[in-house]
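Visitor: The following block contains the structure, expressed as structure tokens.
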Amino acid sequence: HRSDHQRTLDLSSSAAAGGDAAAAAASNSGLVLQPGEPSRLAVATNSHDIRLFDVVDASCVGSCVGHRDIVLCLDTVRPQQGVELLASGSKDCEVRIWDPATGSCLAAAAGHVAAVTAVAWSKSKAKGGKYLASGGADKLLKLWDTSKVLAAAAVAASEGEEAPALQQLSTAAAVAAHDKDINALAFSPNAALLATASQDRTVKLWRLPNLVLVHTLRGHKRGVWDVAFSPVDQVVLTCSGDKLLKLWSVSEGTCLRTFEGHTAGVIRTHWLTAGTQVLSAGADGLLKLWDARSGANTATFEGHEDRVWGLTTSDSPAEALVATGGGDSRVVIWRDVTAVKTAEAEAVEEGLVVKQQELSNALADGDYATAARLAFQLRHPGRLLGVLRRHPGGAAAALTALQGLVGQLDEGELATALNYCREWNTNTRNAPLAQVLLQAVLKTHTPQQILAVQGARELIDGLLAYSQRHAARIERLMRATFLLDYTLAASRVLLPEETVRDQQQERQEQETEGLTTQQQQQQHGLAQQQQQQQQRIAVHGGDDLEDDFGDVGNVLRMNGHS
């Protein structure tokens, strides 16, 4: 995961710095160590003693007793001889070297005239443990000769003997380094340079072994709390009470980049991922992860309720463990879970691809209920909307499919369904399907279940507001259709089909009635003529008949008939 700049830390376990083993065990979240990872953590609190905690169960497994006042600073080293050593500085003006495996003190150094506020070992492969530097409130920087201590510790470890007698360290070099307290020390990867950070707002680079000043780095507006050399590049990182981190060129002593993002002073900083990332801890209680090349803040982690005073990482493998200690009396162990999260994301992505293919297959087969379920599981409201639109059974069939889907939803998924309803309901084109989905929810869940959904009242308020608008719009459309019907009926243009059919039937009936009346009139006229003729015959008798037959004869003769 070294190329992945979205590093993720997970809170693995926490312990009460006061040493409450019950509270520590209760807060443990099941940390499992990988081969090569450290198993113990040294912690300096507001006490004369240094406490050693087990990293797995967060229990106190030992202590280093010897200082006469509060311990202010710690650092560890594993020299080539393979003996792990712990150095500490205290308000009693002493520097001490410890064997953390046994808790015995191997050496003490007296020479500061005020509290020792910073200690650091040189950790290069060739010179690991060769130099031990200390700085204090007396503004002095001291370099101590540890060769005899290293040799004695190596002999005791190889022969299985008890810890050697307490030795007194001698000063190899000393210099008045700053105008105010020295807050932090750091050796370069090759142990050629030593950096000091001070409350006087400067950082100074010293050439070893004689502590010759090389550069003074100026730019911070408040005291500088920590300093760290890059493991791969010739740059040094600093953090300050002015809420900033700065990246400096070792060769030129100039500021290359500034990191902004903390809301309070930045107290500790550390390089990660082969110098490509930076981790910082501040008085705001936050840990922030930065891209060293761009200066962008890529992640922020919350684990403390007060300022974070201590920050350290495991050297191997891949700085997978991070430990922080804060003013809230908590020591927090963080696990780098970038690789795990990446694997989980890849598995989720593969699952999404499979479900998308299943969705396409369901649509091709006409299985709209399965398609709707898959679209909802994929969290694709647009695809779900498209499935409901394509359903050949219309709104009723879509309601049946949605009832089977919505009835099986948990509280979180029900909130998602209501959110889809609200979003769809804001669009006039999608509002009918939104109402269908809402009807399915109301039919499959009780009011108590719906109101138990987080944010349900806001969702319902949004649905109600747009539903009222849609109802008012539909009512206006209905009124408009009444006016249109009246207008068309009055103008007899584009009448409805039923009206046209009724008018045609009425016209046919009228024509039939008119024809019947005319026939009756004709029959009545013929009857009257016959009656009149009969009356004439009765009155005139045969004379009229003769006259009539005479007239007929004349007519026949005129036409050439005899």
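Visitor: Have a look at VAL212, VAL155, VAL203 and point out the one that is at pLDDT 95 or above and open to solvent by 10 Å² or more (accessible area, probe 1.4 Å).
Guide: Result: VAL212 is the single residue among VAL212, VAL155, VAL203 that is at pLDDT 95 or above and open to solvent by 10 Å² or more (accessible area, probe 1.4 Å).
Visitor: Related question: In this structure, is ASN183 open to solvent by 60 Å² or more (accessible area, probe 1.4 Å) and in contact (Cβ under 8 Å) with a residue 24 or more places away in the chain?
Guide: Here the answer is no, as ASN183 does not meet what is asked.
Residue-by-condition table, conditions (1) closer than 25 Å to ARG257 by Cα; (2) modelled with pLDDT under 90; (3) touching a Ser or Thr at 6+ places or on another chain (Cβ under 8 Å):
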residue	(1), (2), (3)
GLY282	yes, no, yes
TRP309	yes, no, no
ALA362	no, yes, yes
TYR368	no, yes, no
ALA375	no, yes, no
LEU384	no, yes, no
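Yes/no matrix, rows are residues, columns are (1) open to solvent by less than 20 Å² (accessible area, probe 1.4 Å); (2) in a helix (DSSP H, G or I); (3) closer than 22 Å to VAL348 by Cα:
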position: ALA362; (1), (2), (3): yes, yes, yes
position: ALA371; (1), (2), (3): yes, yes, yes
position: PHE376; (1), (2), (3): yes, yes, yes
position: ARG383; (1), (2), (3): no, yes, yes
position: CYS421; (1), (2), (3): yes, yes, no
position: LEU433; (1), (2), (3): no, yes, no
position: LEU442; (1), (2), (3): no, yes, no
position: VAL453; (1), (2), (3): yes, no, no
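Visitor: Something else about it: Being modelled with pLDDT under 85, surrounded by fewer than 17 Cβ atoms within 10 Å (Cβ to Cβ) and over 27 Å from the mean Cα position of the chain (by Cα) narrows it down to one of THR446, THR400, so name that one.
Guide: Exactly one of THR446, THR400 is modelled with pLDDT under 85, surrounded by fewer than 17 Cβ atoms within 10 Å (Cβ to Cβ) and over 27 Å from the mean Cα position of the chain (by Cα), namely THR400.
Visitor: Can you find even one residue in segment 175-197 that is over 23 Å from ILE267 (Cα atoms), among the small types (Gly, Ala, Ser) and modelled with pLDDT of 95 or more?
Guide: Quick first cut of segment 175-197, residues over 23 Å from ILE267 (Cα atoms) only: 175-176, 190-192.
Then drop every residue that is not among the small types (Gly, Ala, Ser), which leaves 176, 191-192.
Subset that is modelled with pLDDT of 95 or more: 176.
Within segment 175-197, one or more residues are over 23 Å from ILE267 (Cα atoms), among the small types (Gly, Ala, Ser) and modelled with pLDDT of 95 or more.
Visitor: In addition: When you check TRP225 against the structure, is it within 18 Å of ALA120 (Cα to Cα), touching a residue at least 40 places away in the same chain (Cβ under 8 Å) and touching a Cys at 6+ places or on another chain (Cβ under 8 Å), yes or no?
Guide: Yes: the conditions hold for TRP225.
Visitor: If I filter segment 250-272 for residues that are assigned to a strand (DSSP E or B), aliphatic (A, V, I, L, M), modelled with pLDDT under 95 and open to solvent by less than 20 Å² (accessible area, probe 1.4 Å), do I get at least one hit?
Guide: yes
Visitor: Looking at ARG330, ARG293, can you tell me which residue is in contact with a strand residue (DSSP E or B) (Cβ under 6 Å, 6 or more places away or on another chain), basic (Lys, Arg) and either open to solvent by 60 Å² or more (accessible area, probe 1.4 Å) or at pLDDT 90 or above (or both)?
Guide: Just one listed residue meets the conditions, ARG330.
Visitor: Out of all the residues in segment 106-120, is one or more farther than 29 Å from VAL175 by Cα and surrounded by 17 or more Cβ atoms within 10 Å (Cβ to Cβ)?
Guide: No, segment 106-120 contains no residue that is farther than 29 Å from VAL175 by Cα and surrounded by 17 or more Cβ atoms within 10 Å (Cβ to Cβ).
Visitor: Out of curiosity, is VAL493 modelled with pLDDT under 85, of a type in the set (A, V, I, L, M) and either farther than 29 Å from GLN408 by Cα or surrounded by 15 or more Cβ atoms within 10 Å (Cβ to Cβ) (or both)?
Guide: It is true that VAL493 is modelled with pLDDT under 85, of a type in the set (A, V, I, L, M) and either farther than 29 Å from GLN408 by Cα or surrounded by 15 or more Cβ atoms within 10 Å (Cβ to Cβ) (or both).
Visitor: Just a yes or no: is a residue in segment 124-132 open to solvent by 10 Å² or more (accessible area, probe 1.4 Å), at pLDDT 85 or above and of a type in the set (Phe, Trp, Tyr)?
Guide: Yes; the residues of segment 124-132 include at least one that is open to solvent by 10 Å² or more (accessible area, probe 1.4 Å), at pLDDT 85 or above and of a type in the set (Phe, Trp, Tyr).
Visitor: Can you confirm whether segment 338-346 contains a residue that is closer than 30 Å to VAL77 by Cβ and among the hydrophobic types (A, V, I, L, M, F, W, C)?
Guide: Going through segment 338-346, the residues closer than 30 Å to VAL77 by Cβ turn out to be 338-339.
Retained after the next criterion (residues that are among the hydrophobic types (A, V, I, L, M, F, W, C)): 339.
Within segment 338-346, one or more residues are closer than 30 Å to VAL77 by Cβ and among the hydrophobic types (A, V, I, L, M, F, W, C).
Visitor: If I filter segment 80-95 down to residues being within 18 Å of LEU185 (Cβ to Cβ) and open to solvent by less than 30 Å² (accessible area, probe 1.4 Å), which single residue comes out as farthest from the chain's Cα centre (by Cα)? Quick ask: steps written out before the conclusion?
Guide: Step one: of segment 80-95, the residues within 18 Å of LEU185 (Cβ to Cβ) are 85-91, 93-95.
Filter once more, keeping what is open to solvent by less than 30 Å² (accessible area, probe 1.4 Å): 85-90, 94-95.
Working: LEU85: 42, LEU86: 40, ALA87: 41, SER88: 41, GLY89: 42, SER90: 43, GLU94: 48, VAL95: 46 Å.
Here the answer is GLU94.
The values are calculated or read from the model by the stated rules, or taken from the named source; none is laboratory data. Model, not experiment: these values are computed from the prediction. Virtual Cβ from ideal backbone geometry, glycine too; neighbours counted across all protein chains shown. Just so you know, the surface numbers come from the protein's heavy atoms only, side chains and all, with ligands and any DNA or RNA stripped out. Shrake-Rupley method; radii C 1.70, N 1.55, O 1.52, S 1.80 Å.
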